[in-house]
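The values are calculated or read from the model by the stated rules, or taken from the named source; none is laboratory data. None of the values given here were measured: they were computed from a predicted structure. Cβ atoms come from the backbone with ideal geometry, glycine included; neighbour counts cover every protein chain shown. Each accessible area value is taken on the protein alone, full model and side chains, heavy atoms only, with ligands, DNA and RNA left out. Shrake-Rupley method; radii C 1.70, N 1.55, O 1.52, S 1.80 Å.
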Amino acid sequence: SQTGEPLLLIVSPEAGIKLIEELAEKGYEGAAINRGLSTQTTVRAALNNRLLVQHNLQLQREKIDPLLKKIKREFNLEDDQIIQVPVLFGYSGYAWWPNLINTVSINGELLAPNPRGALIDGRDYTQEYFKRRLAISGMNINFLDDSYYQELKGDVYTGINTTREASKQPFWEALPANLTP
């Protein structure tokens, strides 16, 4: 974060469901999500797909929540240090819309897939949601068109190659005091 506290970004199918429920509650049931992709649908149709909704809530309950509990305990993280990123998963494990967790950080810039969320007043609702959630990081977010990779069940990092210079200091020496044994 901007204050130096570590942040954790974690996928959250439950947050994905809540995001489309929020759109529906605001009267945007007919808005397109997954715009321009083979999975394009409306908010209403996604919510009416009870199998998809139940599948994602089950993933949250059985996979993500136990993992999150363990990570919070082992890294001494508070809830305000955890950013749950909305996502929906298809039945075979692929991200049903471009998965914002699959980002690449380069020189303080965050390269993220374009989530192709509902356009509300000309703005992508999911992009705006993500930017609000990550404001605490102080990073500039750049949304990239990775539709080619998304159609192949991949993500933005699939098509980006970066060269990084390793830190001379071991990572464990850079951890905040509350994370060291």
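Just to be sure before I move on: is D121 free of Cβ contacts under 8 Å to residues at least 60 places away in the same chain, within 16 Å of A15 (Cβ to Cβ) and acidic (D, E) in the structure I sent? No: the conditions fail for D121. Select from the stretch 28-37 the residues that are within 20 Å of the chain's Cα centre (by Cα) and not hydrophobic (A, V, I, L, M, F, W, C) and write down the one among them that is least open to solvent (accessible area, probe 1.4 Å). Ranking the qualifying residues of the stretch 28-37, first place goes to N34. Checking each residue in the stretch 101-151 for being open to solvent by less than 50 Å² (accessible area, probe 1.4 Å), part of a strand (DSSP E or B), within 19 Å of E25 (Cα to Cα) and of a type outside the set (V, I, T) picks out only D124. The one condition from (1) open to solvent by less than 20 Å² (accessible area, probe 1.4 Å); (2) more than 19 Å from the chain's Cα centre (by Cα) that F75 does not meet is (1). If we scan the stretch 44-63, do we find a residue that is farther than 15 Å from G90 by Cα and either open to solvent by less than 50 Å² (accessible area, probe 1.4 Å) or not in a helix (DSSP H, G or I) (or both)? No, there is no match, as no residue in the stretch 44-63 is farther than 15 Å from G90 by Cα and either open to solvent by less than 50 Å² (accessible area, probe 1.4 Å) or not in a helix (DSSP H, G or I) (or both). Evaluating D80 against the criteria (1) within 26 Å of G4 (Cα to Cα); (2) surrounded by 11 or more Cβ atoms within 10 Å (Cβ to Cβ) leaves one unmet condition, (2).
Criterion first (surrounded by 15 or more Cβ atoms within 10 Å (Cβ to Cβ), at pLDDT below 90 and not aliphatic (A, V, I, L, M)) does P86 satisfy it?
The answer is no for P86.
Test I10 against the stated conditions and say whether it is closer than 27 Å to M139 by Cα and surrounded by 17 or more Cβ atoms within 10 Å (Cβ to Cβ). So I10 does not fit the description; no.
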